[in-house]
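Read the figures in this text as sums done on the coordinates, not as results from a lab. Bear in mind that the values here come from a model prediction, so they are computed numbers and not experimental data. Here the Cβ is made from the backbone with ideal geometry for all residues, glycine too, and neighbour counts use every protein chain on show.
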Amino acid sequence: MKSFAAPSIYLVVFWSVLIGGFVSASYEFGEPEPHHFANLDAPIWTTTPTPVDPKTQNYERLPPRGAAADPSSTPAKLVGVSAIAPPDATVTGAIEPPKREWMAGSRHLKLCQQRYRSYNVSDNTYQPLDGGPRKHCVTEEREPSVGLPAADRSPDRHASWCTARYDSYRASDNTYQPFSGPRRQCVSPLI
């Protein structure tokens, strides 16, 4: 009987320690109970504005922080400022201003501004879509004028159809630049 009682006592003690360990571990490592907020029913924002008196607010104004002056530095001395003379008119008068065919109000200016969004009036250049350096805007003589009535434009219906269809149309050689590949001849249904 003694041999039967000892293993059963060990078995009962083992299971009670094992179950007690699981209970204490689940209590220690279990999720904590969520915090209960008191005013969850109240709305976050009010429906009516409430005035705030800034005089009742106790904000503390701090003085502005400036950079500390370096005591070892000395102010810069302007040497020879009074010796600078105005430019010599005989030397600078010989320099001709650059000839600008794109002056304000010109047909060239209107065409370049209409054709290129990146057009810069000061140096008559635009940024190509494929990247690279800026290019000068060149307009052709046979291009239709911007802002003129349709009666004043050239009577060539084929060229006007191609110009309306393709932004890169060049009337001098009747070609346009597709998105990929070399220039192609423009073939209109009017021919």
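Looking at the stretch 151-191, the pairs of alpha carbons with a distance over 11 Å make up 63% of the total.
Over the Cα atoms of the stretch 100-139, the radius of gyration divided by the Kirkwood radius equals 0.95; this is the Rg/Rh ratio.
In this structure, Lys135 and Ala67 have a Cβ-Cβ separation that, at R0 = 41 Å, corresponds to a calculated FRET efficiency of about 0.30. For the stretch 100-139, a simple Cβ point-charge model (Lys and Arg +1, Asp and Glu -1, everything else neutral) yields a dipole of about 120 debye relative to the Cα centre.
When each of the peptides 158-171, 119-132 is scored by the mean number of other C-beta atoms lying within 10 Å of its residues, the order from highest to lowest reads 158-171, 119-132.
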